1. Out of the residues in segment 139-155 meeting the condition of being open to solvent by less than 60 Å² (accessible area, probe 1.4 Å), touching an Asp or Glu at 6+ places or on another chain (Cβ under 8 Å) and not in a helix (DSSP H, G or I), tell me which one is nearest to TRP230 (Cα to Cα).
2. Let me spell it out: the conditions are (1) touching a residue at least 12 places away in the same chain (Cβ under 8 Å); (2) surrounded by fewer than 17 Cβ atoms within 10 Å (Cβ to Cβ); (3) not hydroxyl-bearing (Ser, Thr, Tyr), and GLU70 meets all of them except one. Which number is the exception?
3. Any residue in segment 62-72 that is farther than 12 Å from GLY7 by Cβ, polar (S, T, N, Q) and in a loop (DSSP other than H, G, I, E, B)?
4. Could you please tell me which pairs satisfy a Cβ distance under 7 Å, a separation of 6+ or placement on different chains, a first residue in segment 124-148 that is within 18 Å of GLY210 (Cα to Cα) and among the charged types (D, E, K, R), and a second residue that is at pLDDT below 95 and assigned to a loop (DSSP other than H, G, I, E, B)?
5. Give segment 85-115 a look and list any residue that's open to solvent by 20 Å² or more (accessible area, probe 1.4 Å) and assigned to a strand (DSSP E or B), or say none.
6. Out of the residues in segment 3-59 meeting the condition of being over 30 Å from LYS238 (Cα atoms), open to solvent by 40 Å² or more (accessible area, probe 1.4 Å) and part of a loop (DSSP other than H, G, I, E, B), tell me which one is modelled with the lowest pLDDT.
Amino acid sequence: MFSALKGATVPCESLTERQRAQMLALMQVCYAGVSAERFTRDLAEKQYVILLSARRSGELVGFSTLRVAEEQVEGREVEVVFSGDTVIHPDYWGQKELQVRFGRFMLARKLRRPMRPLLWLLLSAGYKTYLLAVNHFPRTVPRHDWEAPSERVSFLRSLAGRWFGAQYDTGRGTVRFTGAHYRVRDGVSPIDRKAAAHPDIAFFARSNPGHVDGEELVCLAEIRARDLLWALTELTMKQLRLWTRRGLKLIGVREGA
């Protein structure tokens, strides 16, 4: 295997103290203002975590916490998966293991109740998180190239209001946590001139100008089976291409030779 990462999705209750300490340390590498109390509180609200480890050393280099909840939309039951703290060490950016593991998790949830709508709630303090949703799920709110049905927007506002209380700004569609909270460290995934030319990144920057101070854009993506299967196929192909390039590099073959 040429993948640099290996992943696993486990219940939060099974985490060891060492794993929890590694997760906190990893957050502190990429985010400013991370406190142990805030991290612990966030983790306690989740049921699952995707763990990413370096294949060679076994070192924890990424994770994403997940909360699963049942909600009602106009009298119809839906399942909401909420992504909490999510981070990958910059040395491993470009790897697709987190996306693949998340896709498998969502597929398993969808197959449990195929006819029940599945929604993904995420908070985006950085554009890379936002792109994970809009690149793979066309029915994401908000986005610049799709106008969501009014009931979906109303549900998002209601859900965010109940879950985040006064910290949620209905008009801006963002959450600004009170007290100690963290933000992406300066120099980590900045929106430079090249990034700002991308329409989705530009929309994110306009929608959440306070992201540099830790303000987070509240997003809701509908996870349809066809979108999920296409996303998993695309991610698998990208991972295979990455493995191939790594394999050729290891045996001394240059691309295009």
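1. Of everything passing the filter in segment 139-155, THR140 is nearest to TRP230 (Cα to Cα).
2. All conditions are met except number (1).
3. The answer is no, given that none of the residues of segment 62-72 is farther than 12 Å from GLY7 by Cβ, polar (S, T, N, Q) and in a loop (DSSP other than H, G, I, E, B).
4. Here the result reads LYS128/SER189, each pair linking segment 124-148 to a residue that is at pLDDT below 95 and assigned to a loop (DSSP other than H, G, I, E, B).
5. THR86, ILE88
6. Residue satisfying both the conditions and the ranking: GLY33.
The values are calculated or read from the model by the stated rules, or taken from the named source; none is laboratory data. Note that the structure is predicted; figures quoted are calculated from it, not measured. Cβ: placed from backbone, ideal geometry, glycine included. Neighbour counts: every protein chain shown. In case anyone asks, the SASA skips ligands and DNA or RNA and just uses the protein heavy atoms, side chains included. Shrake-Rupley method; radii C 1.70, N 1.55, O 1.52, S 1.80 Å.
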